[in-house]
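Student: Let me begin by handing over the structure; questions about it come next.
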Amino acid sequence: MLRNSFSAKFGRVAAFAFLACVALSLTGCLSHWFLESESRLQVENRTENWSIISVDVASENRAKFSSWIDETLLPGERSHVVEEDWVGDFTFRVKYTKSSDATGDTLVDYHEFNLDGGSLYLIVEEGKGKLSYRFK
């Protein structure tokens, strides 16, 4: 009698576990449970004489761009945090001017980044007449 009671309980638990696994596998890509699939980006302009106009993400052939940070950052300013669903290797297009008040010709710089997801803090600095980028 004790054996039958144990078998019945084990059978119910096993059936519940199986149904739970099936239900969970239908909720979407399981990698999203284990890997961060979204990136939150904030940009800081640490230059003294350059203004950042925008930070965009390029398609593989650089034919199309999706705007990620679409606000002008004067020297010393930080952007708002913007969340997007980008993880992997991407080409960033940074539009900027060589002026502290965002006037003048708009210039473009391209830089390759690997995004692992999570919170990203991109620092833009100037060095040797060009912009440099690093994540903090």
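What follows draws every value from the coordinates through simple rules; no lab data is involved. The structure displayed is predicted, hence computed values, not measured ones. When we count neighbours, we look across all protein chains shown, and the Cβ atoms used for this are built from the backbone with ideal geometry, even at glycine.
Student: Under the 0.36 nm per residue contour assumption, what length would be gained going from the current alpha-carbon distance of residue 65 and residue 132 to full extension?
Tutor: Roughly 22.0 nm would be gained on extension.
Student: Can you tell me the order of 45-51, 74-80, 58-64 when each peptide is scored by its average per-residue count of other Cβ atoms within 10 angstrom, highest first?
Tutor: Highest to lowest by the protection proxy: 45-51, 74-80, 58-64.
Student: Any idea how far apart residue 17 and residue 42 come out in nm if each label point goes 7 Å out from Cα toward Cβ?
Tutor: Taking the simple label geometry, residue 17 and residue 42 are separated by 4.4 nm.
Student: Given 0.36 nm per residue, what is the gain on full extension from residue 121 to residue 80 after removing their alpha carbon distance, in nm?
Tutor: Full extension from residue 121 to residue 80 adds 13.7 nm.
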